[in-house]
1. On the accessible surface of the chain, probed at 1.4 Å, how many percent belong to carbon and sulfur atoms?
2. Which of the peptides 54-62, 70-78 is most tightly packed, and how do the rest follow, judged by the mean count of other Cβ atoms within 10 Å per residue?
3. Select from Tyr83, Gln251, Ile120 the residue farthest towards the positive end of the dipole of the chain; place +1 on Cβ of Lys and Arg, -1 on Cβ of Asp and Glu, and compute about the Cα centre.
4. For helix 14-24, what angle does its Cα long axis make with the longest principal axis of the chain, in degrees from 0 to 90 and rounded to 10?
5. Quick one: of Lys18/Lys43; Lys2/Lys281; Lys18/Lys46; Lys19/Lys95, which pairs are farther than 21 Å apart, Cα to Cα?
6. For the chain, with every protein chain kept in place, what is the accessible area per residue (1.4 Å probe, Å²)?
7. Using the crude model of +1 on Lys and Arg Cβ and -1 on Asp and Glu Cβ, and no other charge, please compute the dipole size for region 14-106 relative to its Cα centre, in debye to 20.
8. Could you give the angle, 0 to 90 degrees to the nearest 10, between helix 236-256's Cα long axis and the longest principal axis of the Cα atoms of the chain?
Amino acid sequence: MKYAAGVVFYNPKEEDYKKIEIYKQIFDEIIVYDNTEDLETIKKTKSKIMLYNVKYIGNQSNDGLSQAYNEMCKLSIDLKMDYICLLDQDSFFEKENIKIIMETIEKNKNLKIGVYSPEIHYDHVVTNKEDSNDILEIRKVDWTISSGSFINLSFFKIIGGFDINYFIDRVDFDYCFSLKNKNIDTVIVSDSKMNQYLGETKKKMGKVFFQHSPLRHYYIYRNRLYFYKKKNKKNNLENLKLIAGIINHLQKIIFLEDQKIKKIKLIFKAHKDYKKSRMGKIKFEFEMVKNID
């Protein structure tokens with residue numbers, strides 16, 4: 001089996017470049033998709049990563065995750081890779097944990113598995129288990145996050161890749177359900193661990209939770225509507241799940257989060273854009289641009 005790593009950059013920092021050096025030691029190919037728009041940062045990134053002899057894709061624009069994943073998967077297929085591990089800047093995947101997934105793939109290569117993912121640990125450091133035995137356990141799940149996932153490129157071709165309507169948020173959710181519709185499994189490899197950093201946290205009523213930016217709330221809301229319509233628009237149970245998700249989303253903003261007005265404004269815009277079939281990257285009206293920051 002041959003393995004590529006596909007890393008998405010967006011205004012990377014020094015530590016992000018250093019991760020490439022680590023990944024270079026274990027993967028057959030490294031592909032960087034740069035969603036950075038700042039020309040100076042792009043120039044710096046190119047000069048840094050050329051030292052590692054990696055493939056670079058960038059359009060001096062933020063193309064979102066779906067397009068980045070699709071382009072990296074297609075290039076991996078051209079390079080005769082069997083799998084690509086998708087990664088982003090908020091992830092840190094140690095070599096030993098990467099090897100565990102590769103070993104699991106080799107042992108299960110005859111099974112109909114489209115995605116292998118590690119156990120995800122948020123905002124704290126973990127390492128692989130020292131007492132891990134020779135039996136690498138896997139369990140089926142409905143979906144897993146994209147970062148850290150090993151994508152079987154044969155099945156990627158069968159389902160037609162990632163849906164570019166999402167831009168960000170629910171990209172991974174949708175991909176796994178597309179696999180499931182073809183009776184292709186998504187699995188978690190229990191002995192493999194990966195650290196994922198979610199960003200800003202807030203403590204309220206004795207609990208710590210993660211906050212999203214106003215713009216991220218736009219994508220969460222709009223893409224939820226799109227996903228449930230695409231999944232099964234005539235299923236009453238799914239409609240109830242959608243309504244419950246919307247109520248929970250709004251309650252979280254109103255009672256727990258900061259920047260409530262900005263976030264609610266963007267949710268109204270998300271609803272309006274969805275109704276008008278405006279998907280992909282958000283397009284701001286002039287007044288919205290003035291009031292977003």
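The values are calculated or read from the model by the stated rules, or taken from the named source; none is laboratory data. Since the structure is predicted, the reported quantities are computational estimates derived from the model, not experimental observations. Methodologically, a virtual Cβ is constructed for each residue, glycine included, from the backbone with ideal geometry; neighbour enumeration extends over all protein chains shown. Keep in mind that these areas ignore ligands, DNA and RNA; they rest on the heavy atoms of the full protein, side chains included. Shrake-Rupley method; radii C 1.70, N 1.55, O 1.52, S 1.80 Å.
1. That share works out to 52 percent.
2. 70-78, 54-62
3. Gln251
4. Taking the Cα atoms of the chain, the angle to 14-24 is about 40 degrees.
5. Check vs 21 Å cut-off fails for Lys2/Lys281.
6. 53
7. Using Cβ point charges on Lys, Arg, Asp and Glu, region 14-106 gives about 340 debye.
8. 80
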